[in-house]
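The values are calculated or read from the model by the stated rules, or taken from the named source; none is laboratory data. Because the structure is a prediction, the values reported are computed rather than measured. All Cβ positions, glycine included, derive from the backbone under ideal geometry; neighbour counts span all protein chains shown. Only protein heavy atoms, including side chains, enter the accessible area calculation; ligands, DNA and RNA are left aside. Shrake-Rupley method; radii C 1.70, N 1.55, O 1.52, S 1.80 Å.
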Amino acid sequence: MLDWVALLCLAGAIGLLIALAIIDLKTWLLPNVLVAPFALLAVIFHFAAPTQSLPLPDMIVGAALGFGVLWIIRYCGSRYYGQDALGLGDVKLMGAAGLWLGAEGITLALTLGATAGLLHGLGVAALTARREGGPMKLSRLQIPAGPGFVVGILCVGAYQYMHFRIGG
């Protein structure tokens with residue numbers, strides 16, 4: 001029974017991540033009403049799937065690391081640019097992801113997510129330059145960070161939980 005609960009948690013988390021990426025692309029927001037259930041599903045999952053679960057200290061360290069690293073980047077970037085350089089929704093998303101992935105997983109997800117965001121930004125800049133007929137302008141390029149982080153979370157989560165099976 002608990003394995004089915006865990007499977008539903010995984011499915012719900014994937015659905016929430018996809019919805020968050022789409023919403024962020026359209027509105028530049030990652031709503032708490034979707035980030036909070038994503039975090040809650042992690043806690044339920046780890047309780048329901050003891051053979052797949054992370055120890056509680058690793059969940060806490062993962063959440064603190066995901067939240068803390070992005071909060072520091074947000075703080076420093078905002079001070080440097082004089083405006084919000086990263087949304088607080090991105091910070092909360094990575095904190096919630098840390099509950100799913102633990103310390104090691106969230107570190108990799110942050111790296112993959114930032115790389116995906118960089119590639120997204122370069123693609124946007126290239127398309128804009130092509131459409132406008134000028135050079136690529138990267139100095140003040142603005143893109144939502146959430147979709148890149150979602151890619152990182154999904155990649156690491158797929159690797160970590162690829163052996164999840166009902167009944168084992």
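Which one is most open to solvent (accessible area, probe 1.4 Å) among residues in the range 125-145 that are part of a helix (DSSP H, G or I) and out of contact with any Lys or Arg (no Cβ under 9 Å at 6 or more places or on another chain)?
Arg130
Name the residue, out of Leu86, Leu99, that is modelled with pLDDT of 95 or more, out of contact with any strand residue (DSSP E or B) (no Cβ under 8 Å at 6 or more places or on another chain) and not charged (D, E, K, R). Explain how you work it out, then say what you get.
Numbers: Leu86 fails: modelled with pLDDT of 95 or more.
One residue alone meets the criteria, Leu99.
Please specify each residue of the range 146-168 satisfying the condition of being open to solvent by less than 50 Å² (accessible area, probe 1.4 Å) and free of Cβ contacts under 8 Å to residues at least 60 places away in the same chain.
Passing the criteria: Gly148, Phe149, Gly152, Val156.
Being within 18 Å of the chain's Cα centre (by Cα), surrounded by 12 or more Cβ atoms within 10 Å (Cβ to Cβ) and outside any loop (DSSP other than H, G, I, E, B) is true for just one of Gly77, Gly102. Which residue is that?
Working: Gly77 fails: within 18 Å of the chain's Cα centre (by Cα).
Going through Gly77, Gly102 in turn, just one is within 18 Å of the chain's Cα centre (by Cα), surrounded by 12 or more Cβ atoms within 10 Å (Cβ to Cβ) and outside any loop (DSSP other than H, G, I, E, B): Gly102.
Which residue pairs have Cβ atoms closer than 7 Å, lie 6 or more positions apart in sequence or on different chains, and pair a first residue in the range 112-127 that is modelled with pLDDT of 95 or more and among the basic types (Lys, Arg) with a second residue that is surrounded by fewer than 17 Cβ atoms within 10 Å (Cβ to Cβ) and not in a helix (DSSP H, G or I)?
Close Cβ pairs (under 7 Å, with a partner that is surrounded by fewer than 17 Cβ atoms within 10 Å (Cβ to Cβ) and not in a helix (DSSP H, G or I)) do not exist here.
Listed residues Leu40, Leu65; which is touching a residue at least 40 places away in the same chain (Cβ under 8 Å) and either assigned to a helix (DSSP H, G or I) or in contact with a Leu (Cβ under 9 Å, 6 or more places away or on another chain) (or both)? Walk me through it before giving the result.
Working: Leu40 fails: touching a residue at least 40 places away in the same chain (Cβ under 8 Å).
Residue meeting the stated conditions: Leu65.
For Ile18, all conditions in the list (1) open to solvent by less than 40 Å² (accessible area, probe 1.4 Å); (2) under 13 Å from the mean Cα position of the chain (by Cα); (3) of a type in the set (A, V, I, L, M); (4) over 14 Å from Ala145 (Cβ atoms) hold save one; what is the number of the exception?
Result: Ile18 passes all but (1).
Of everything in the range 63-111, what is of a type in the set (Lys, Arg) and within 16 Å of Ile153 (Cβ to Cβ)? Give them in sequence order.
Of everything in the range 63-111, just one residue is of a type in the set (Lys, Arg) and within 16 Å of Ile153 (Cβ to Cβ), namely Lys92.
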